[in-house]
Amino acid sequence: MSFLENEPVMRVRAALGKAGFKDNVIELEQGARTAADAAKALGVAQGAIVKSLVFMVGEQPVMALVAGDKTCFEHELARIFHLPGDATRPDANIVQAVTGFSIGGVAPVGLLGGPIPTTIDASLKRFSKVYAAAGHPNCIFETDVAELKKLTGGTVSYALAMVS
């Protein structure tokens, strides 16, 4: 069976279609659980890979979409989202419960419980095309920052990430 037929991947494909975007989910021959793996599989710069990172700020789940060659400034998330408390990384079970995706395949769209507050690393603008996880470590989709904003309702932040 193709990974494109997995339920989480089908949710991503449906979300793309519902938003009026082309279903351009790509199935990779080898897994891409890390940005480095995805970049190698696609033959692109690591920075063109979108890391979908889930955090909790207080009781609120949030998502940070960060370039693959950057590190998220977790301490900035509460300020970016105007939320009280510190950002913490939830365990894999909470990520699964919030998004419906396993770590390594967390997509920025098609979340089980619906969209969550999202911020997008401005450094992704360096690339005309970027690649985000599509619900499974072997599946990605091609997009750009403008599309990510439309798909997620996210805001672009220059304070989100630093060079790894």
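FYI, it's all coordinate maths here, none of it is from the lab. All values reported here derive from a predicted model rather than from experimental measurement. Here the Cβ is made from the backbone with ideal geometry for all residues, glycine too, and neighbour counts use every protein chain on show.
Does segment 138-154 hold any residues that are touching a Pro at 6+ places or on another chain (Cβ under 9 Å) and either of a type in the set (A, V, I, L, M) or touching a residue at least 60 places away in the same chain (Cβ under 8 Å) (or both), and which are they? Of everything in segment 138-154, those that are touching a Pro at 6+ places or on another chain (Cβ under 9 Å) and either of a type in the set (A, V, I, L, M) or touching a residue at least 60 places away in the same chain (Cβ under 8 Å) (or both) turn out to be CYS139, THR143, LEU148, LEU151, THR152, GLY154.
Figure legend. Inter-residue proximity from segment 75-102: first residues on the phi > 0 side of the Ramachandran plot, second residues of a type outside the set (A, V, I, L, M, F, W, C) and not in a loop (DSSP other than H, G, I, E, B), beta-carbon distance below 7 Å, spacing 6+ or different chains. Indicated pairs: GLY100/PRO8; GLY100/ARG11. Picking from residues in segment 15-37 that are surrounded by fewer than 14 Cβ atoms within 10 Å (Cβ to Cβ) and within 16 Å of the chain's Cα centre (by Cα), the one that is farthest from ILE140 (Cα to Cα) is ALA36.
Take ARG33 and decide whether it is touching a residue at least 60 places away in the same chain (Cβ under 8 Å), not in a loop (DSSP other than H, G, I, E, B) and not β-branched (Val, Ile, Thr). Quick ask: steps written out before the conclusion?
Working: touching a residue at least 60 places away in the same chain (Cβ under 8 Å): yes; not in a loop (DSSP other than H, G, I, E, B): no; not β-branched (Val, Ile, Thr): yes.
Judged against the criteria, ARG33 is not a match.
Among HIS75, HIS82, which is in contact with an Asp or Glu (Cβ under 9 Å, 6 or more places away or on another chain) and either among the acidic types (Asp, Glu) or surrounded by fewer than 17 Cβ atoms within 10 Å (Cβ to Cβ) (or both)?
Testing whether each residue is in contact with an Asp or Glu (Cβ under 9 Å, 6 or more places away or on another chain) and either among the acidic types (Asp, Glu) or surrounded by fewer than 17 Cβ atoms within 10 Å (Cβ to Cβ) (or both) leaves just HIS75.
Restricting the search to segment 45-79, which residues are farther than 17 Å from PRO115 by Cα and either more than 17 Å from the chain's Cα centre (by Cα) or of a type in the set (Asp, Glu) (or both)? Hits for segment 45-79 are GLY58, ASP69, GLU74, HIS75, GLU76, ALA78, ARG79.
Can you confirm whether segment 38-48 contains a residue that is buried (at least 21 other Cβ atoms within 10 Å of the Cβ) and not in a helix (DSSP H, G or I)? Looking through segment 38-48, none of the residues is buried (at least 21 other Cβ atoms within 10 Å of the Cβ) and not in a helix (DSSP H, G or I).
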